[in-house]
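Trainee: Have a look at this one before I ask anything.
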Amino acid sequence: MAPQANFATDYNHESGGSSWSNSQSASESDGSLTITHTGGDSIRASNLTIEGAVGGSVVWADADGYGPDSGITAGDSVDYPVATDDTVRVIWSSASTDRTDQLKKWTGPDA
């Protein structure tokens with residue numbers, strides 16, 4: 001069963017920052033999207049993927065300050081590079097099956 005967790009997004013058009021230090025896409029972005037776990041179940045970082053056009057597909061566990069065994073709980077956040085016409089999804093994937101669920105979707109102001 002998918003975790004019951006809530007995520008909030010906050011778009012910052014002035015910052016192209018990224019929580020992934022090896023990300024080259026930050027220079028191609030129009031800004032950044034802060035994605036924050038706001039409540040509900042703790043989720044293993046290796047089971048969360050963030051997908052979008054500019055930032056590509058990245059695993060939360062690979063973000064600076066997190067690892068594969070990190071538990072993502074209320075207050076944990078990452079900055080993801082985005083374009084104004086981007087659509088970003090936070091996807092949970094089961095570690096034991098091929099089940100996935102979309103936990104959050106953000107659509108840019110020009111999408």
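The values are calculated or read from the model by the stated rules, or taken from the named source; none is laboratory data. Quick caveat: nothing in here was measured; it's all calculated off a predicted structure. Neighbour counts are summed over all protein chains in view; Cβ atoms, including those assigned to glycine, are modelled from backbone coordinates with ideal geometry.
Trainee: Tell me which residues, restricted to segment 87-111, are in a loop (DSSP other than H, G, I, E, B), in contact (Cβ under 8 Å) with a residue 40 or more places away in the chain and not aliphatic (A, V, I, L, M). Even if it seems obvious, please write down each step before you answer.
Mentor: As a first pass, look at segment 87-111 and keep what is in a loop (DSSP other than H, G, I, E, B): 94-99, 108-111.
From what is left, the residues that are in contact (Cβ under 8 Å) with a residue 40 or more places away in the chain are 94-95, 99, 108-109.
If the condition is that a residue be in a loop (DSSP other than H, G, I, E, B), in contact (Cβ under 8 Å) with a residue 40 or more places away in the chain and not aliphatic (A, V, I, L, M), then Ser94, Arg99, Gly108, Pro109 are the ones that fit.
Trainee: Let me ask something additional. Pick from Ala111, Ala63: which is within 21 Å of Ser29 (Cα to Cα), surrounded by 19 or more Cβ atoms within 10 Å (Cβ to Cβ) and touching a Ser or Thr at 6+ places or on another chain (Cβ under 9 Å)?
Mentor: Going through Ala111, Ala63 in turn, the sole match is Ala63.
Trainee: Separate question: Name, by its number, the condition in (1) in a loop (DSSP other than H, G, I, E, B); (2) at pLDDT 90 or above that does not hold for Val54.
Mentor: Among (1) in a loop (DSSP other than H, G, I, E, B); (2) at pLDDT 90 or above, Val54 violates only (2).
Trainee: Answer with yes or no whether Val78 is within 23 Å of Asn12 (Cβ to Cβ), β-branched (Val, Ile, Thr), buried (at least 17 other Cβ atoms within 10 Å of the Cβ) and modelled with pLDDT under 90.
Mentor: Against the criterion (within 23 Å of Asn12 (Cβ to Cβ), β-branched (Val, Ile, Thr), buried (at least 17 other Cβ atoms within 10 Å of the Cβ) and modelled with pLDDT under 90), Val78 does not qualify.
Trainee: Does Asp41 meet the test of being on the phi < 0 side of the Ramachandran plot, over 13 Å from the mean Cα position of the chain (by Cα) and free of Cβ contacts under 8 Å to residues at least 24 places away in the same chain?
Mentor: So Asp41 does not fit the description; no.
Trainee: I'd like to verify a number: residues in segment 81-111 that are closer than 18 Å to Ser32 by Cβ, among the hydroxyl-bearing types (Ser, Thr, Tyr) and in contact with a helix residue (DSSP H, G or I) (Cβ under 9 Å, 6 or more places away or on another chain), how many?
Mentor: 0
Trainee: Applying the selection to segment 45-59, what residues are surrounded by fewer than 19 Cβ atoms within 10 Å (Cβ to Cβ) and touching an Asp or Glu at 6+ places or on another chain (Cβ under 7 Å)?
Mentor: Passing the criteria: Ala53, Ser57.
Trainee: Out of Thr49, Thr84, report the one residue that is in a strand (DSSP E or B), polar (S, T, N, Q) and modelled with pLDDT of 85 or more.
Mentor: The unique qualifying residue is Thr49.
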